[in-house]
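Notes for the one structure printed next.
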Amino acid sequence: MKDKDLPYGTEREKLVIRGGAPLNGVLTAQGAKNAALPIMAASLLLKGKRLTIDRVPDLHDIHTMADLLSHLGVKVEFRDHRMTLDVPEEIGWETPPSLVRKMRASSLVLGPLIARCGRAVLPLPGGCAIGSRPIDFHIRGLSKMGTNFELVQGAFHGRSSGLKPARIYFDFPSVGATENLMMAASLVEGETILENAAREPEVVNLAHALRAMGVFIEGEGSGTIRIKGARELGDARVSVIPDRIEASTYLLAGVITKGKVTVRDVVPEHIDSLCSKLEEAGVEIEVRDDAVTVYPSQYRSVSLKTLPYPGFPTDLQPQMMATMCLANGTSVIHESVFESRFLHVSEFKRMGARIDLQGNTAIVAGVNKLFGAEVHATDLRAGAALVLMGLAAEDETVVCDLEHIWRGYEGIVEKLRALGGKVIVTKED
Ligand code: EPZ
């Protein structure tokens, strides 16, 4: 799929927001970007078979992964949130630097390629605004399963004469490393055990997809995952879970503007940590089977530490910090997952926020109001947080570098407008 297919958005666009009014209404969560990406990569494990994925969000990152898989020989069709991936008998194993640089999640093809082809070439994924983001846990796990890696011209060249089962312990419950090793073990007969594995719902969703393809997996969602692979996997069809971070972002848009916002088609337990923190802050919140509603509330400051799931998600830290900028009281926010995920703080301060950084801790003193400004998104979630700030500020805010936002928020302009948000997209002249 070429750029002409991209649903929207280029880096030259700006989001102009006239804030100060409460958001009110009901919206539906998109499919989870961070579940769809690994499941798409898992298609590489198939040989002459088809993987069908429902509820795939229409996002730049999804198109980037589709382009990467197409480059390797997979036939990708994507229409109305349904994706079919037809994988030929023979596929490539060299990933193009241009695509890998665009998206760190490209590293998720490493495990499947080595399992399927016995080799892979992956340019080192760049660091980004939230830290160096190495893939040493991925490399160490695959090496333990029998892969030899060489770093040649800034790319990992991995080769294996046949992966073997292993017991792998992760120093940190890395989402990507857990997913890569689950996929690598899916073509290996014998039992591979992952210890201190990531428990994120997106990892569980991937496990469901692999099971549908014929892999024996148990323990997903716990810290220990056991995988017994098979030599050949079969056609499968799987649905992507709701995007808990996107849903939470819109709930916080309701909270920060003191409106009534309902997000439907969510899995409430996936956003337990957010709901618990909002209740602690005094926000009136209603949780039903597959919908969550926030009501207009004055709210207090809360303190939190980002942690691997089920702890408070790092991907919600910028949006929660934005919300706490208008809380009554002082919040203490500690970022423990990434080494530097506070680049948005300087942009928040342009809008009147009062934040003091002490290493990986931000002290946020609530203020009575925020002021519009021209601000720049530094990463996907920081961009979303700046939109929340703009919706709450009393005048006009211009958010630049929108390509970050297009990566993760399908139809964000239409969704905010449907809630009464005054937002327009302008093209830089
Ligand atoms: C996934 O990234 C998500 N991306 C990220 O979401 C999310 O922030 C992150 O998990 C944590 O929840 C996708 O799922 C596509 P990690 P991932 O491996 O897998 C260190 C978004 O906004 N680490 O769990 O890359 C790493 O540097 C994105 O949608 C190593 O040191 O995250 C980080 O400090 C942003 N060595 C920590 O572990 C490794 O080999 C967590 O990283 C791997 C990771």
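Observations, loosely collected:
- Candidates 374, 394, 89: whichever shows maximal mean-square fluctuation once the chain is modelled as a Gaussian network with Cα springs under 10 Å: 89
- Where Rh is the Kirkwood radius over Cα pairs, Rg/Rh for the range 125-244: 0.97
- Environment charge of residue 298, counting only residues whose C-beta is closer than 15 Å and scoring Lys/Arg +1, Asp/Glu -1: +1
- Each of the peptides 165-172, 415-422, 52-59, 200-207 was scored by the mean count of other Cβ atoms within 10 Å over its residues; in descending order, highest first, they stand as 200-207, 52-59, 415-422, 165-172.
- Taking label points 7 Å from Cα along the Cα-to-Cβ direction, residue 153 and residue 289 give a separation of 5.7 nm.
- Diffusion constant of the range 33-239 at 20 °C, which comes from Stokes-Einstein with the Kirkwood Cα-pair radius and 1.002 mPa s, µm²/s: 130
- The angle separating the long axis of helix 201-213 from the principal Cα axis of greatest extent in the chain is about 30 degrees.
- Counting only alpha carbon atoms, the long axis of helix 175-184 and the longest principal axis of the chain meet at about 20°.
- Charged side chains reduced to their Cβ positions (Lys and Arg at +1, Asp and Glu at -1) give the chain a dipole of some 320 debye around its Cα centre.
- Choice from 159, 381, 231 with maximal GNM fluctuation in the chain (Cα, 10 Å cutoff): 231
- Under-5 Å amide H pairs with residue 233, H placed in peptide plane, nonlocal only: 47
- Dipole of the chain computed with +1 at Lys/Arg Cβ and -1 at Asp/Glu Cβ about the Cα centre; of 372, 152, 323, farthest Cα towards the positive end is 152.
- Per-pair calculated FRET efficiency, R0 = 45 Å: residue 136 and residue 395 via Cβ, rounded to 0.05: 0.45
- The chain: calculated mean residue ellipticity at 222 nm from DSSP helix runs of at least 4, using -39500 (n - 2.57): -8500 deg cm²/dmol
- Max mean-square fluctuation residue, GNM over the chain, Cα-Cα springs under 10 Å, options 98, 276, 346: 98
- Rounded to the nearest whole Hz, the Karplus-based 3J(HN,Hα) values (6.51 cos²θ - 1.76 cosθ + 1.60, θ = phi - 60°) of the range 268-277 follow the sequence x, 5, 6, 10, 3, 5, 5, 4, 5, 5, with x at glycine and proline.
- Size-normalised alpha-carbon gyration radius of the chain, reference 2.2 N^0.38 Å: 0.97
- Taking every DSSP bridge with both residues inside the chain, close to 75 percent are antiparallel.
- The amide H of residue 169, built 1.01 Å from its N in the peptide plane, has 195 as neighbours under 5 Å, considering only residues 5 or more places off or on other chains.
- Surface exposure of the chain, expressed per residue as accessible area with a 1.4 Å probe, stands at 38 Å².
- Positive minus negative residues near residue 47 (Lys, Arg vs Asp, Glu; Cβ under 12 Å): -1
- Amide H contacts under 5 Å for residue 155, placed H, 5+ residues apart: 124
- Taken along the Cα-to-beta-carbon direction at a fixed 7 Å, the label points for residue 346 and residue 28 span 4.1 nm.
- Each residue of the range 399-404 was assigned a 3J(HN,Hα) from its phi angle through the Karplus curve 6.51 cos²θ - 1.76 cosθ + 1.60 (θ = phi - 60°); the sequence is 9, 9, 6, 5, 4, 5 Hz, with glycine and proline shown as x.
- Whole-Hz Karplus values for the range 258-267 come out as 6, x, 10, 10, 10, 10, 9, 6, 10, 9 Hz, taken residue by residue from phi with 6.51 cos²θ - 1.76 cosθ + 1.60 and θ = phi - 60°; glycine and proline positions read x.
- Using a Förster distance of 22 Å, the FRET efficiency for residue 191-residue 222 (Cβ separation, nearest 0.05): 0.90
- The range 33-239 - charge dipole about Cα centre, Lys and Arg +1 at Cβ, Asp and Glu -1, debye rounded to 20: 180
The values are calculated or read from the model by the stated rules, or taken from the named source; none is laboratory data. Because the structure is a prediction, the values reported are computed rather than measured. Neighbour counts are summed over all protein chains in view; Cβ atoms, including those assigned to glycine, are modelled from backbone coordinates with ideal geometry. Heads up: the accessible areas ignore ligands, DNA and RNA and are worked out on the full protein's heavy atoms, side chains in. Shrake-Rupley method; radii C 1.70, N 1.55, O 1.52, S 1.80 Å.
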